[in-house]
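Quick note: the coordinates plus some simple rules give every number you see, no bench work behind them. What you see is a predicted model, and the numbers here were worked out from it, not measured in a lab. As a convention, Cβ positions derive from the backbone with ideal geometry for all residues, glycine included, and neighbour counts pool all protein chains shown.
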Amino acid sequence: MDLSARDARLTLDDKTGLLKRLGLAGFHLPLLEGNAGLFDLALPLPDELPHRLRVTDRHQALDVSSIGPEWQLTYLSLSSPRGIHEVSCVLRLRPESDGSFAIRLQIVNHTPHVIPQVLFPNLSGLRATGPAKQEALHLGRAIKFPFASMQQPDGAASFYDLYRRSYFTYGMHEWPMKWFNFGNEHRGLSVFSKDLGAAVQGLYVEREKKARSLTIAWAHYPHIQTGETWISPEFLIQPHRGDWRAGAESYKAYAAPKLPTAKPTRYIRDSLGARSLYFSTYLYDNEPNFRYRDLPIVARDAREHGLKELVCWFLFDGYFELPMKLNPKLGTEAELKQAITECRQIGVNPVAFVSCRSIKTRTAPAAWFETDEHGNRRTQAWSYSLDFIPPFNPPYCNRDESAFVCPAQADYRKAFLAACADLQKLGFSSICFDQLFADRLCYASQHGHKPQDLLMPMYEMAKQALRDGQTIDPDATFSGEFFNDVSQTFQHYNWDWITGTNSLDELEPFRFVFPHFRLGILVDRGRRWLLEAFVRGLFINFLPDGGEGLIATDPDFSALARQLAEARQTYARFFEEGDYLGTRHSTGDPEIGGLYRHGEEWLLIVANVSERDIQLPSRSVVPIAMVTPAAMLPPFEFRIFHWRAGQEQWITV
Ligand SMILES: [Zn+2]
């Protein structure tokens, strides 16, 4: 059975429905050549927990029919080496006019067991169509090269076979949007889900042991009960002739209007980002870096560098606790209130950084915790100080061990919002939420939710905290650790650990799809990262001297921050309303350039991130067929080339 969508071709086996081939008309190599079903189910049996059901050569689809452009394949049951299992599945496929294939799966479970996991689509047999080591998997905030990196070390024990299997959880570090692309600069395959929810889901990637072939499978956790019917979200599979951007355009066209980015508040609009400060480094030290009464000094320093949002870490006596108690080492409640009032007079919004996604088990009711299928909690420990040996979780200090609470648990949500109300009484309107994620399933039956539904209740709680904060100040913000396509609709920015350790190119797909989301990067003292973050249009989270210092104490860094703040304000419309067309930079290059468009205006920012003078040649900028003038650029300086249609005139700043 062959389906065509423009020049994309999809071939299924006529009898079994196995996916045989995905390709592009006129191109000799397939994007996928395989012999596996488009879905794969977990059906744990009491005596065989990893038991699975998948379509094989033996399974004939009972009925293959077409209604208009849609094909429908029906399987009445599925078999495994353990026998025949009464699980009926209907697979629907439809070619779309944009060159993609829309697919959907319906499952009815007639077995006495639960189906906790469904892999769909399950794309097995993905091939490289260029040099294999350069074939890339783009995930939104990560780029992987599976044929280069996913292999068992030579001669290693067979357990290291795990190296050729990876799993990415939606909303965690690497995979923040329900999209991926696999391919090279000339062609590839993109896949996205039309689901606008935030159920726990993941992406499983497995490299074949011997062949240069990959499986990429989308993992859902619907927990289909006996007698229950589950219908998957619709997926679009698009073979294309282009780089990852060609594969991201359809997702952008679908998701961006449905998931509009949170509007900036007056404290973050036209600004480079935010300032973060650490009152007391890592809680344990005797001598704090700042006291509550010092807040206005930090606020003034931030304001002088164009920053109007100040995230306060380590305000409290203990973390991973509710309610949150102020730290007497840092001053009194009255001093903090006064300091917050003064910050507001300076025009700076103080934000309380809170950490209560995970709570010390001895301080909270047992019913609050996230539990696995056997009732176990999931714990973590964060005892950290550079004076400990070792600095992280020394054996003699496990003070901050805590366990994840379930955001769907009503009493926990109430306690969190009550703690926010206490912060509001001090004058805080805004919250920065540590660990704004849910990557595990919760099976606590008394919580009254499906095991995979944790993020939406957490987002509802976050939105309520934001609404409550808006009664203090209509420009209240909500920010937090990690972000995804759904959270960026209310999350004003992320506070997480993005720095320059990985290439910032990895962030490009998310930037491309949601260019107005204030995707944050931490900048301590490096002028190089300050410049690169600016060129890329990232939200800069200033953490001078590890959050313990003032920006102004380093004159060169301070001067550059001031220049950038001014430029960011002048050209705010490009960053806040325009399109981001991407950044060009290769490792080792002295210069980095980012291109933006706003209506008929274009902005090209070029920065010298090296320590020597460079001569920028005159260059043509491809999308608008224009030529930039040559320029000399000293170390850590930047130029802005601004072009308006019709005037053919560059203004160089
Ligand atoms: Zn729960």
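A cut-off under 11 angstrom between Cβ atoms defines the neighbours of L310, and their net charge, with Lys, Arg +1 and Asp, Glu -1, is +3. Near L32: Cβ cut-off under 13 Å, other residues only, Lys/Arg at +1 and Asp/Glu at -1. The net charge is +3.
Classify region 344-384 from the C-alpha gyration tensor, please: rounded if a/c falls under 1.5, else prolate or oblate depending on whether a/b exceeds b/c. Prolate shape, in that a/c is at least 1.5 and a/b is the bigger ratio.
Most simply put, region 273-496 has about 30% antiparallel DSSP beta bridges, counting only bridges with both residues inside it.
Any chance you could give the angle, 0 to 90 degrees and rounded to 10, that helix 555-570 forms with the longest Cα principal axis of the chain? Long axis of 555-570 versus the principal axis of the chain: about 60 degrees.
Sort 345-351, 627-633 for me by packing, meaning the mean count of neighbouring Cβ atoms within 10 Å per residue, highest on top.
By packing density, highest mean first, the sequence is 345-351, 627-633.
Among S487, S445, a tally of other beta-carbon atoms within 10 Å of each Cβ gives an order, fewest to most, of S445, S487. According to the square roots a ≥ b ≥ c of the eigenvalues of the Cα gyration tensor, what is the shape class of the chain, taking rounded for a/c under 1.5, prolate for a/b larger than b/c otherwise, and oblate for the remainder? Oblate. Between the C-alpha center of region 195-272 and that of region 312-333 there is a gap of 39 Å. Counting Lys and Arg as +1 and Asp and Glu as -1 over every other residue whose Cβ lies under 10 Å from the Cβ of R187, the net charge comes to -1. With an a/c value under 1.5 for the gyration tensor axes a ≥ b ≥ c computed over the alpha-carbon atoms, region 2-258 is described as rounded. Distance from the alpha carbon centroid of region 344-376 to that of region 44-66 works out to 42 angstrom.
I want to make sure I understand the PRE zone here: with the label point 7 angstrom from the Cα of S80 toward its beta carbon, which residues in region 7-44 have backbone N atoms less than 11 Å away? Under 11 Å, as judged by backbone N against the label point of S80, lie 41-44 of region 7-44. Residue order for I231, I551, fewest other beta carbons within 10 angstrom first, comes to I231, I551. When you filter the chymotrypsin sites (Phe, Trp or Tyr not before Pro) in region 27-130 for DSSP loop state and at most 15 other Cβ atoms inside 10 Å of their Cβ, you are left with F27. Footprinting exposure proxy ranking of W179, W368, W382, fewest other C-beta atoms within 10 angstrom first, gives W382, W368, W179. Restricting region 551-619 to GluC sites (Glu not before Pro) that sit in a DSSP loop and have at most 13 other Cβ atoms within 10 Å of their own Cβ leaves E577, E600, E611.
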